[in-house]
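Here's the structure, in structure tokens; my notes come after.
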Amino acid sequence: MRILQTLVGADELTTAQLRDRLPDVPPATMYQHIATLTQAGILEVVHERQVRGTVERSYRVRQDKAVVDADARTAMTKDDHRQSFTVFTGALMADFDRYLARGGVVYRQGAVWLTDDEFAELVEEIEAAVARRTHTAPGDGRTRHIISFVVVPDNATGPDAGTDPS
């Protein structure tokens, strides 16, 4: 997850550049996970070049493969969802700790009453807002931010659902 997060928004990075950005990940683990992500088609090799008798590869995320779409989510079991969410929240906590050390962390929670169509539109709007900004490059005073999005459906229904009866 952290490898993907590091590559998201970056045009492409070599394994050495990834290791520089994730120094706490052991090299063997880094290479193993990059190989797994590449085999799964989530990462793609963009360039290869010879460097001192070895091949240096540059990788980027295949956006079409890195997103779990609605059909894939529907096919996932509850255990699949729990495992994926555990990985997601673990990465989120690690990001939170890194950002907390620097300041600038923002987190909010809100509730909205929406039809299924309105909800789908809201998700589209949020994804589009983030996507519009993923093509900017480092520099010019820009700081990289990880945008994490979680939607938790509430089982409450009706105009008074979720309110405290006291």
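When the test is whether a residue is farther than 22 Å from Asp11 by Cα, open to solvent by less than 100 Å² (accessible area, probe 1.4 Å) and at pLDDT 75 or above, Asp80 passes it. The residue that is surrounded by the most Cβ atoms within 10 Å (Cβ to Cβ), counting only those in the stretch 29-75 that are in a loop (DSSP other than H, G, I, E, B) and either basic (Lys, Arg) or at pLDDT below 80 (or both), is Arg62. Total residues in the stretch 1-17 satisfying the condition of being touching a strand residue (DSSP E or B) at 6+ places or on another chain (Cβ under 9 Å), more than 19 Å from Arg52 (Cα to Cα) and aliphatic (A, V, I, L, M): the figure is 5. Ala161 meets all of the listed conditions (1) at pLDDT 75 or above; (2) part of a loop (DSSP other than H, G, I, E, B) but one, namely (1).
The values are calculated or read from the model by the stated rules, or taken from the named source; none is laboratory data. All figures in this text were calculated on a predicted structure; none of them were measured in a lab. FYI the Cβ positions are ideal-geometry reconstructions off the backbone, even for glycines, and counts take in every protein chain you see. For the accessible areas, the whole protein counts, side chains as well, though only heavy atoms, and no ligand, DNA or RNA atoms are used. Shrake-Rupley method; radii C 1.70, N 1.55, O 1.52, S 1.80 Å.
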